[in-house]
Amino acid sequence: MDNVIQPVKVPHTFIEDALALLFGTLMVSFGVMLLKSAGALTGSTAGIAFLLSYLTHASFGLAFFLINLPFYWLAVKRMGWAFTLKTFSAVGLVSLFTHLHTLFIHFSALDPFYATLFGNVIMGIGFIVLFRHKASLGGVNILALWLQDRYGIRAGKLQMAVDTCVVLASLFVVPLPMLAASVAGAAILNLIIAMNHRPGRYAV
């Protein structure tokens, strides 16, 4: 019988991880900027940050960074220091880039529904980049990834359940049409995660 060549597992290098954090957070933060410009929101920890931003007029980046602080304890206990440091860096970069994007990009005309749906597509792809390099954007992402690794619960399914609750809680914060667009956008984002991030999908 012919010998079967097994694929060799090649861990990501430090440079590859660093570039992935940079590119992934650039994509997520650009999607956040589109949602913010449209007056929409998404789910998870980012959704809570959107709600606080709309209610208090605080910057999204600051709210997002502060909300994530309590979740790092779970990340250290369950996922290890490497994952936690990458996640802390990713959260910090998204908070920073969300502000920096507005210094260079200004929209004179933006369809809110298109911006909401396309923004979630970009964010979903950015999440996959971060997940592939053992990082997340904190909050519910940490809980979802831990449950997937520990019990095999698909991260996308848990994210969708939590995201739906967060978006529905915004009923009195955003107009109903934008709430509907936000729900559709959150579903698209989590569909991307569910299709592309599951146990055994990748060798490393």
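Between LYS77 and LEU100, what is the label-point separation in nm under the 7 Å Cα-to-beta-carbon projection?
Distance between the two pseudo-spin positions: 3.4 nm.
What FRET efficiency comes out for the pair VAL173/VAL10, r = Cβ-Cβ distance, R0 = 41 Å, nearest 0.05?
Efficiency computed from Cβ-Cβ geometry: 0.35.
Tally up the carbon and sulfur contribution to the accessible surface of the chain as a whole percent, 1.4 Å probe, everything protein left in place.
Exposed carbon and sulfur together represent 72 percent of the surface.
Using Cα pairs under 8 angstrom and six or more residues apart, how large is the relative contact order of the chain, in percent?
Averaging sequence separation for qualifying contacts and normalising by length gives 33 percent for the chain.
Could you provide, to the nearest whole Å², the per residue accessible area of the range 59-178 with probe 1.4 Å?
51 Å²
If the label point is 7 Å along Cα→Cβ of MET195, which residues in the range 101-121 have backbone nitrogen under 13 Å from it?
Hits in the range 101-121 for MET195 at 13 Å: 121.
The values are calculated or read from the model by the stated rules, or taken from the named source; none is laboratory data. Not measured: the values here are computed from a predicted model. Here the Cβ is made from the backbone with ideal geometry for all residues, glycine too, and neighbour counts use every protein chain on show. Note: accessible area is taken over every heavy atom of the protein model, side chains too, but ligands, DNA and RNA are not part of it. Shrake-Rupley method; radii C 1.70, N 1.55, O 1.52, S 1.80 Å.
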